[in-house]
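Okay, structure first, notes after.
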Amino acid sequence: MFPADSRLFGIDTRLLFTALVAVVALQRLAELRLARHNARRKLAAGGVEAGAGHYPVMIVLHTLFLVSCVAEVWLLERPFLPWLAAAMVGVLVLASALRWWVIAALGGAWTTRVIVVPGRSLVASGPYRFVPHPNYVAVAMEVAALPLVHTAYLTAAVFTIANGALLAVRIRAEDAALARHGLRAPGGTR
């Protein structure tokens with residue numbers, strides 16, 4: 001019905017999709033570098049890490065997600081649907097903008113680990129005015145949208161469920177760590 005080797009601008013869409021996933025992977029690596037830098041600073045300032053046990057699972061999950069996006073498209077010959085791709089690229093742009101808004105709002109407090117520095121107040125500006133865990137909203141958007149750019153619906157479904165389960169653990173760990181240090185967001189949810 002739809003050829004898997006569709007072309008866009010004369011280029012095989014699977015190659016374009018693989019390049020998109022590579023760009024997302026490079027963005028994640030840049031974010032991890034920033035996160036490590038900020039984590040070292042927070043720990044040096046007396047920060048306490050919580051939920052470290054789930055962190056390796058998160059790294060593996062996100063790595064497998066990116067690999068699965070590409071593998072499903074190539075191995076299962078998923079079709080390229082321009083209307084779906086355009087919509088999902090739009091979601092990815094919004095997710096990326098939200099993530100960078102979070103990073104800007106948190107500044108040096110942003111990490112990929114749960115590290116609480118006792119005595120510091122929570123950030124209540126930027127997207128935190130509207131949502132208690134905006135970075136997790138961005139991640140959920142990305143996990144659902146990236147594979148659907150090239151109709152990798154199995155990856156979208158499996159990793160959306162797995163990411164939801166991981167986020168449930170992570171949010172509980174983060175909220176408990178904040179509560180232990182007497183920190184609550186407006187509304188008491190973060």
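The values are calculated or read from the model by the stated rules, or taken from the named source; none is laboratory data. Being a predicted model, the structure only gives us computed values, none of them experimental. Ideal geometry is used to build each Cβ from the backbone, glycine not excepted, and the neighbour counts take in all protein chains shown.
If ALA95 passes every condition in (1) crowded, with 18+ Cβ neighbours inside 10 Å; (2) out of contact with any strand residue (DSSP E or B) (no Cβ under 9 Å at 6 or more places or on another chain); (3) of a type in the set (Gly, Ala, Ser); (4) touching a residue at least 60 places away in the same chain (Cβ under 8 Å) but one, which one does it miss? Tallying (1) crowded, with 18+ Cβ neighbours inside 10 Å; (2) out of contact with any strand residue (DSSP E or B) (no Cβ under 9 Å at 6 or more places or on another chain); (3) of a type in the set (Gly, Ala, Ser); (4) touching a residue at least 60 places away in the same chain (Cβ under 8 Å), ALA95 fails exactly one: (4). Annotation: ALA177 fulfils all but one of (1) part of a helix (DSSP H, G or I); (2) modelled with pLDDT of 95 or more; the unmet one is (2). Among the residues making up segment 76-91, a single one is buried (at least 20 other Cβ atoms within 10 Å of the Cβ) and either acidic (Asp, Glu) or under 15 Å from VAL143 (Cβ atoms) (or both): MET88. Against the criterion of being within 23 Å of GLU72 (Cα to Cα) and exposed (fewer than 15 other Cβ atoms within 10 Å of the Cβ), ALA145 does not qualify. Filtering ALA140, ALA157 for residues that are under 19 Å from VAL60 (Cα atoms) and free of Cβ contacts under 8 Å to residues at least 12 places away in the same chain leaves a single hit, ALA157. When segment 107-124 is filtered for residues that are aliphatic (A, V, I, L, M) and not in a loop (DSSP other than H, G, I, E, B), the ones remaining, listed by number, are ALA109, VAL114, ILE115, VAL116.
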